[in-house]
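Structure first, then comments.
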Amino acid sequence: MSNVATAIAPAAPPVHRAGPADNTSFAVEFADIGRSFAAKPQHNSQPGSQRGAAARPVLRDVSLTVQPGEVLAILGTSGCGKSTLLRIAGGLDEPSTGSIRIDGSPLNGIDARCAVGFQEPRLLPWRTIAANVALGLPHRIGRAAGNARVAALLELVGLTSFADHRPRAVSGGMAQRASLARALARNPGVLLLDEPFGALDALTRLKMQDLLLDVHAAAPTTILLVTHDVDEALQLADRIILLGADDDADDMAGGRTGATIVQELTVPGGRPRDRGSAELAELRGRLLAGLGIDRHGQARGVAATTTIPHFPY
Amino acid sequence: MTQTPIAAPATPGTAHTARPARRAAWTSRRGPVILGGALLPLAILLVWQLSITLGLVSVTQLPSPAMVLLAAVDLSERGLLTLYVAISTQRVLIGFAIGASLGVAAGALVGLSRSANVLLAPTLGAIRAVPSLAWVPLLLLWLGFGEQPKITLVAIGAFFPVYTTVSLALRHVDQQLVEAGRAFGLGGIRLFTAVQLPAVIPSVISGLRLALVQAWLFLVAAELLGASMGLGFLLSESGGNGRIDRIILAIVLLAVIGKITDAVVGIFEKWANKKWA
Ligand SMILES: Nc1ncnc2c1ncn2[C@@H]1O[C@H](COP(=O)(O)OP(=O)(O)O)[C@@H](O)[C@H]1O
Ligand SMILES: [Mg+2]
C-alpha cells in the first residue's frame, strides 16, 4: 500500500500526457430523470390481485447539472436508486422518463466519454492485472501508446509489481485499484464510481480516497461518486446530493413514489479536507439526519457524568 | 499412514515445518496413480486366465488372453489390424472435428441470442433424443456405404455434448463481467472473444471431452450396420462367424483407444483450466 503514496507524491502525473484529448471533463445534465422497474412477480400473492402489476418507480424527477471537473457525491440509503442513477448516466440502463446530456449532447447508450468503476472490481479472472487495465483503453489507441498508458496507470495506483498477477492473486484493495486504473485508462471525461471503496477495510478506504483525490488533481475529470458513506462524500465531493423520498419520512428508500433529490449541499473548502473539521461535522449531522440516522447531537452539551460515571462510583 | 508426521518429536519448530515437508498423498503422485489405475485391469486379466486354467469356463465361451493376443497377431499379419484401427480413428477424428465445431457454433448462437434459443433449442433438443442407431438406416440410404454416413453419424454424436455444454455455459456467464465489458465499449464479436468465450472455455473443453466419448459410441453404431472396415465391422463380422476372440480383441481395442484419446483431451483440459479459470 505504501507505494501508492510514493507513486503519486512526485507530482508529475504520468496519466495525462498519454493522449491528445487530455484534461477534458464534461458537464452532465440530468433532466427530469425517472426510472421504473416492472414489479417483481409475487409468487405468494393472491390470485387475481394485480397481475402484471404497475411498474414500481425507483427514481423520479431527478434534475441536476454537474459542472465539468466537479466531484459530485450521490448519497442515499441502500436500495434508493443510487446505482440506478449512475447506470443511467453510464448508458448501462435507460431512464423511463427524462433525458441525459453529456457535454451538451444527448447520451445514447454506452458512451466512450464515460468510464465506470463498479462496486465490485469486476476484473476478468483469466487476464493479468495489466491486461485488465488495458481493457479500459480507448479502441483507437495504438499498441505502444496503450502499453505506455497501462504502465503509467499501474504506476499511479501502485500496482506495477503486480502487473503480471492474476486478479485472484491480489488483495481486494489491489483489485479495486486495478478497477480504478481500468476506468482511468479511457481518459474519461466523466468518471462514474459506484461505491468504489465500499467493500474495503477502513484504512484502505482512506488511502483509496486520497488516491482518487490525487487522480482528480492530476486530471480534473468530472466525477460522479455514489457512496453510502457520509464522511467519504464530505472528504471527496464539491457537492453532495441526497437521494430519498421527500414526502414521506417513513419511506426513506422511496419505495412507493420513487426517490428524488431531497438535499443538495455544497461542501465548503478546498481538498484535501481536514477529516475532523467542525464545519464538516455540522454538514455530517445534516446528511445523517437526511439518511434517517439519529445524530445523537444533544449529548454533546450535556455533562458526561450522566452517561459515564466517574471513578468512585 | 497420514498420521506419521504428527508422531514426530514435538519441538515447536518442527511441528510447524512438518506440514509442507509432509509427503503428498499417494493419490496425487504420478507413479502410484498410473500403477493404481492399472491394478484392476491386471486383476481382471488374472481372473480371466485363472478361470480358464481352472476349467471354470470353456474356451469356446471365453477364449484365453493368449488366444485373443494370437487373434491380434493374426489380424495384424494380414494387415487388417492397423487398417481397422486407423480407419476407425480417422472416422472419429473427422466426425468429431465437424460435430464439435458445429456444436460450438450452435451452442454460441443459442446461448447468446434469446431468439435463436426460442427458435432452435426445442428442435435440437428433440433431435438429441433420437438414439444413435435410429439414424443408421436413413444415413445409409441417403449417403450410401462410403465414408460420409459414418462420419455424419459420428458428427451427430459429437455435436450434442458440445452444443449443450456451450449453450448452457454461455447462459451462466457472470453478467457483472459482461456488463463491465459492455461498459468499456465491447459489443458483439469483440465482447464474445474478450469476455464470454474465455469465461466458458473450461466448460467447452469438458463438453469436447464428452463429445469424444460419444463420437466413439456413435462410430461403432455406424460400423456395426454398414461397413467393410473398422473396429465396428470387426465386431459385427466376428459376431456372424462366432470369433469370440476377435470380439474381445475389438472391445479391448475400443477401450484402450478411447481411453488414450480421452487422456489427450484431459491433458489439454488441465492446461486450459490453468490458463483460463
Ligand atoms: N434491473 C432491475 N430490475 C428490477 N428492479 C431493479 C433493477 N435494478 C434495480 N432495481 C431496484 O431498484 C431499486 C434501487 O436499486 P439500486 O439503484 O441498486 O439501489 P442502491 O441505491 O442501493 O444502489 C432497488 O429496489 C432494486 O431492487
Ligand atoms: Mg448500489
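Taking B:Tyr84 and the conditions (1) modelled with pLDDT under 90; (2) open to solvent by less than 60 Å² (accessible area, probe 1.4 Å); (3) of a type outside the set (Val, Ile, Thr), which numbered condition does it fall short on, given that it satisfies the others?
Unmet condition: (1).
Among the residues of the stretch B:255-277, what is the count of those that are hydrophobic (A, V, I, L, M, F, W, C) and closer than 17 Å to B:Leu45 by Cβ? Step through it out loud before you land on a result.
The first filter runs over the stretch B:255-277 and keeps only residues hydrophobic (A, V, I, L, M, F, W, C), leaving B:255-257, B:260, B:263-265, B:267-268, B:271-272, B:276-277.
From the residues that got through so far, the ones that are closer than 17 Å to B:Leu45 by Cβ too are B:255-256.
Number satisfying all stated conditions: 2.
State whether the residues of the stretch B:130-139 include one that is at pLDDT 90 or above, open to solvent by less than 50 Å² (accessible area, probe 1.4 Å) and not β-branched (Val, Ile, Thr). Spell out how you get there, then give the answer.
The initial filter retains those residues of the stretch B:130-139 that are at pLDDT 90 or above, namely none.
Within the stretch B:130-139, not a single residue is at pLDDT 90 or above, open to solvent by less than 50 Å² (accessible area, probe 1.4 Å) and not β-branched (Val, Ile, Thr).
Inside the stretch B:180-192, can you point out the residues that are surrounded by fewer than 18 Cβ atoms within 10 Å (Cβ to Cβ), within 12 Å of chain A (Cβ to nearest Cβ) and part of a helix (DSSP H, G or I)?
B:Arg190, B:Leu191
Of all helices (runs of 4 or more DSSP H) completely enclosed by the stretch A:127-218, which ones contain at least 3 residues that are within 13 Å of chain B (Cβ to nearest Cβ)?
A:129-134, A:172-184
Out of A:Pro196, A:Pro167, A:Pro188, I need the residue that is open to solvent by 10 Å² or more (accessible area, probe 1.4 Å) and at negative phi. Which one?
A:Pro167
Which ones in the stretch B:32-48 are open to solvent by 70 Å² or more (accessible area, probe 1.4 Å) and within 18 Å of B:Val252 (Cα to Cα)?
Selection gives B:Leu39, B:Leu40, B:Pro41, B:Leu42, B:Ile44, B:Leu45, B:Leu46, B:Val47.
Could you list, in sequence order, the residues of the stretch B:193-234 that are open to solvent by less than 20 Å² (accessible area, probe 1.4 Å), more than 13 Å from every other protein chain (Cβ to nearest Cβ) and farther than 30 Å from B:Pro149 by Cβ?
Residues satisfying the conditions do not exist here.
Only residues in the stretch B:248-277 that are in contact (Cβ under 8 Å) with a residue 40 or more places away in the chain count as the first member; pair them with residues that are outside any helix (DSSP H, G or I), Cβ under 6 angstrom, at least 6 apart or cross-chain, and list the lot.
B:Trp276/A:Trp126
Look at B:Leu35 and say whether it is part of a helix (DSSP H, G or I) and at pLDDT 90 or above.
When the stated conditions are applied, B:Leu35 does not pass them.
For A:Glu264, state whether it is closer than 23 Å to A:Ser25 by Cα, open to solvent by 40 Å² or more (accessible area, probe 1.4 Å) and in contact with a strand residue (DSSP E or B) (Cβ under 8 Å, 6 or more places away or on another chain). If you could, list the steps in order and put the result at the bottom.
On the way: closer than 23 Å to A:Ser25 by Cα: yes; open to solvent by 40 Å² or more (accessible area, probe 1.4 Å): yes; in contact with a strand residue (DSSP E or B) (Cβ under 8 Å, 6 or more places away or on another chain): yes.
Judged against the criteria, A:Glu264 is a match.
Report, ordered by the first and then the second residue, all pairs with beta carbons closer than 7 Å, sequence separation of six or more or different chains, a first member in the stretch A:64-92 that is within 14 Å of another protein chain (Cβ to nearest Cβ) and within 10 Å of ligand 2 (Cβ to nearest atom), and a second member that is hydrophobic (A, V, I, L, M, F, W, C) and open to solvent by 10 Å² or more (accessible area, probe 1.4 Å).
Once the first residue is within 14 Å of another protein chain (Cβ to nearest Cβ) and within 10 Å of ligand 2 (Cβ to nearest atom) and sits in the stretch A:64-92, its partners that are hydrophobic (A, V, I, L, M, F, W, C) and open to solvent by 10 Å² or more (accessible area, probe 1.4 Å) give A:Thr84/A:Val58.
The values are calculated or read from the model by the stated rules, or taken from the named source; none is laboratory data. Just so we're clear, the structure is a prediction, and the values are computed from it rather than from any experiment. Cβ coordinates were reconstructed from backbone atoms using ideal geometry, including for glycine residues, and neighbour counts include every protein chain displayed. Note: areas computed on protein heavy atoms with side chains; ligands, DNA, RNA excluded. Shrake-Rupley method; radii C 1.70, N 1.55, O 1.52, S 1.80 Å.
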